[in-house]
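Written below as structure tokens is the structure these notes are about.
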Amino acid sequence: MNSSEQNTKDTANNDERLKAFIDEVSSFEGSGLAVRVDDVQKVYRMGKIEVRALDGVNLKINRGEYISIMGPSGSGKSTLFNMMGGLDKPTSGKVYVDDVDIAELDPSELAWLRCRKMGYIFQTFNLIGTMTALENVMLPMAFAGKSNDEALDSGVDILTRVGLGDRCKHKPTELSGGQQQRVAIARAFANDPAIILADEPTGNLDLKTGQAIITLLKDMNQERQTTVISATHDHKMLDVSDRIVWVADGRVDRIEKRKDVEIEVGKVVE
């Protein structure tokens, strides 16, 4: 068998495996948990130096919950966030998204899951500057295999929902910071994901605009019953959260329900 024939055979095998994975995930009823983290550790090694970013983290997040992950720089908050988003793999332990162990997926399976089950919102918006707001929102739908007409209709609908129906043809440089983040939110919800991961979504916004983005995220969470997981330093985010996960020294320090947390302007009352 020459190299061309071997490549064709490998591609066919990969396609069959991906199809079997899609069929399995699509038919799976699930347990009611959006995310489950089981004894996750993440260790970075730099020569003889060992940095334990996560040290035995356990966490369960229900479908439809709005969760805020809080912690100082270096606490492991961002590392945990990346594990749940399939952006990194644990050194040991398991991370389940919709009851799928994402650490066991090959690149094509992980790409399929992230495209259809997860939406991402970043502090710096990460919009493509040469594309209009509508084209940015349509892009993940194209990756998911939707037709252009279907993506166009859905894109206009979701941009209208986030208050940008009259800005569909504007490029990012023609939009304010708050408007760019609204486009990013619309893009994250484009494929109707089960989970939204928001990394410091108000970090580059002023107080009033940040509050509007928080309210929009909460509204979308309630309307669509989409699980929202936010890594944040913004105490305003806590007010709309169902639970708050406090991370310190690579561990979950405590988990509190919103009703049990007293929040004053700019701080949490201990």
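So is M131 modelled with pLDDT of 95 or more and within 19 Å of the chain's Cα centre (by Cα) or not?
Details: modelled with pLDDT of 95 or more: yes; within 19 Å of the chain's Cα centre (by Cα): no.
No: the conditions fail for M131.
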Legend entry - Conditions (1) within 16 Å of the chain's Cα centre (by Cα); (2) outside any loop (DSSP other than H, G, I, E, B); number of the one not met by N126: (2)
Legend entry - Those residues of the range 35-50 which are surrounded by fewer than 14 Cβ atoms within 10 Å (Cβ to Cβ) and among the hydrophobic types (A, V, I, L, M, F, W, C), in sequence order: M46, I49
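The rows are residues; the columns are (1) part of a loop (DSSP other than H, G, I, E, B); (2) surrounded by fewer than 22 Cβ atoms within 10 Å (Cβ to Cβ); (3) at pLDDT 90 or above.
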residue	(1), (2), (3)
R52	no, yes, yes
I61	no, no, yes
G64	yes, yes, yes
D88	yes, yes, yes
W112	no, yes, yes
R116	no, yes, no
I121	no, no, yes
Inset, instruction - Return the pairs, sorted by first residue and then second, in which the second residue is part of a strand (DSSP E or B) and at pLDDT below 95, the first residue lies in the range 41-56 and is on the phi < 0 side of the Ramachandran plot and assigned by TED's automatic domain parsing to the domain that holds V252, the beta carbons are less than 6 Å apart, and the residues are 6+ apart or on different chains. - result: none
Inset, instruction - Please determine, by comparing only the residues of the range 16-41 that are of a type in the set (S, T, Y) and outside any loop (DSSP other than H, G, I, E, B), which one is modelled with the lowest pLDDT. - result: S27
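The values are calculated or read from the model by the stated rules, or taken from the named source; none is laboratory data. Owing to the predicted nature of the structure, the values given are computational and were not obtained by experimental measurement. Every residue, glycine among them, receives a Cβ derived from its backbone with ideal geometry; neighbour counts consider all protein chains shown.
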